[in-house]
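Student: Structure below; questions to follow.
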Amino acid sequence: QFAVNMFRTLPPSSNPTGAEFDPEEDEPTLEAAWPHLQLVYEFFLRFLESPDFQPNIAKKYIDQKFVLQLLELFDSEDPRERDFLKTTLHRIYGKFLGLRAYIRKQINNIFYRYLSKTFHLFRFIYETEHHNGIAELLEILGSIINGFALPLKEEHKIFLLKVLLPLHKVKSLSVYHPQLAYCVVQFLEKDSTLTEPVVMALLKYWPKTHSPKEVMFLNELEEILDVIEPSEFVKVMEPLFRQLAKCVSSPHFQVAERALYYWNNEYIMSLISDNAAKILPIMFPSLYRNSKTHWNKTIHGLIYNALKLFMEMNQKLFDDCTQQFKAEKLKEKLKLKEREEAWVKIENLAKSNPQYPTYSDTSLLNSPVAMETDGPLIEDLQMLKKTVKEEACQAQKDQKKDRPLVRRKSELPQDIYTMKALESHCRADELISHDGH
């Protein structure tokens, strides 16, 4: 009876070719028949949870075909249905050992098809990327990965590298990123040797022009660093901090701010402290340059805080980096001077040409373009240290003030029916736990 009532062809997408769904801005399309469907889902879940339920008898009906049809419903646009589907599939996975490999395989296939549509592979060239249930499927996978036996099977490692990591490339990453990041971290907690390929893949897929997505990558990277082994950190620290140096220099203040918050993480600071000789020379130029040139004052304070921590960590190394930076700026000035002198020579040679007056444009020569060095000139070392301490203290005071830095959500009026329906929804997990008490 469950199959008769639930398994159906889903209606076409309400927005098949439009902009991607934004959970912060858009309202989902609700299933008109939900009052009926909800009763069926609740009944079936209670049936699965019943003490009298016998998987050996039920496996005659809950088979591979049943699971496949259940998975097809994950593309429903109604989040309430996907919530019940998630709990239902998770219970089936727990009770039917013989279906576990098949469920994992079919979830993998959904991801493969999703990636194929997204990146125009195989026969999906003219289809648009779209699947509503990726977040829920990843949530189920998070629980499954948590229960993997050690050592991890090769097929599970391949799934991480070939399916989960490429999901970071998709433009609609924001819809399912928390669940994806959780799955990745679960793998690293199971097997720390996967850290290097995971971090290198994230750096490979790092967004170039999408700042909100870059903030998501920084969030995930910090979660990874929270569980990283020191021996694995050493393998990835140089490319990782080269990317962080770019983020600190980002004109988008939320990207720079999120990167600089790494210096508030005690475990990350302990890793940096153990490897300061490699990390500080990578970070110092970006930190110093942007302490003077970044447009956002909040960023100035966070940068001075990072510089202060580096200075306290290793005074001599900080002084060496300062002197090295000063020497490099001096080289840049000398290069610029040589370049300007070369242009003067070229101009003088041009003037010696008999035809010079015919072709010359005196207006351009009389107003040469000023060439500037990239970034500020460095102050006296003692003055720099004093400035760093003062600005870092001021930044700590400013951080205590309330600053609404989150993205402002849309002020368009919401659909009252949709909001009431979602607010009144009782999650499947809550329903089961309530029955159990």
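None of the figures in this text is laboratory data; all of them are computed from the coordinates on show. No experiment lies behind these values; they were computed from the predicted model shown. No Cβ is skipped: glycine too gets one built from the backbone with ideal geometry, and neighbour counts run over all protein chains shown.
Student: Mind checking Rg over Rh on the range 265-305, alpha carbons, Kirkwood formula for Rh?
Tutor: 1.04
Student: Expected output is a single nm value to one decimal: the length gained when fully extending between Asn146 and Lys208, i.e. 0.36 nm times separation in residues minus the C-alpha distance. What is it?
Tutor: Value of the extension gain: 19.1 nm.
Student: Still on this structure: For Glu27 and Arg427, compute 0.36 nm times the residue count separating them, minus their Cα-Cα distance, and round to one decimal in nm.
Tutor: 142.2 nm
Student: Sort out for me the Cα centre separation of the range 290-311 from the range 160-176, rounded to whole Å.
Tutor: Between the Cα centre of the range 290-311 and that of the range 160-176, the gap is 32 Å.
Student: Also, quick follow-up: Specify which residue in the list Pro207, Asn146, Asn265 is farthest towards the positive end of the charge dipole of the range 130-270, using unit charges on the beta carbon of Lys, Arg (+1) and Asp, Glu (-1), about the Cα centre.
Tutor: Going by the Cα projections, it comes out as Pro207.
Student: A follow-up question, please. Put a dot 7 Å past each Cα toward the Cβ at His36 and Lys235; how far apart are the dots in nm?
Tutor: The modelled label-to-label distance comes out at 5.5 nm.
Student: Pairs to check: Lys65/Lys105; Lys105/Lys153; Lys157/Lys278; Lys171/Lys208; Lys297/Lys326; Lys208/Lys235. Give those whose C-alpha atoms are more than 20 Å from each other in this structure.
Tutor: Lys157/Lys278; Lys297/Lys326; Lys208/Lys235
Student: Assuming a ≥ b ≥ c are the square roots of the Cα gyration tensor eigenvalues, decide whether the range 210-276 counts as rounded (a/c under 1.5), prolate (otherwise, with a/b larger than b/c) or oblate.
Tutor: It comes out prolate by the Cα gyration axes.
Student: From Cα pairs below 8 angstrom and at least 6 apart in sequence, can you work out the relative contact order of the range 167-232, rounded to a whole percent?
Tutor: After rounding, I find 42 percent.
Student: With r as the distance between the Cβ atoms of Gln324 and Lys292 and R0 = 22 Å, compute the FRET efficiency 1/(1 + (r/R0)^6) and round to 0.05.
Tutor: Calculated transfer efficiency: 0.80.
Student: Please report Val184, Val67, Val4 as a ranked list, fewest other C-beta atoms within 10 angstrom at the top and most at the bottom.
Tutor: Val4, Val67, Val184
Student: Suppose R0 equals 51 Å. What FRET efficiency, 1/(1 + (r/R0)^6) with r the Cβ-Cβ distance, do Lys95 and Asn264 give to the nearest 0.05?
Tutor: 0.70
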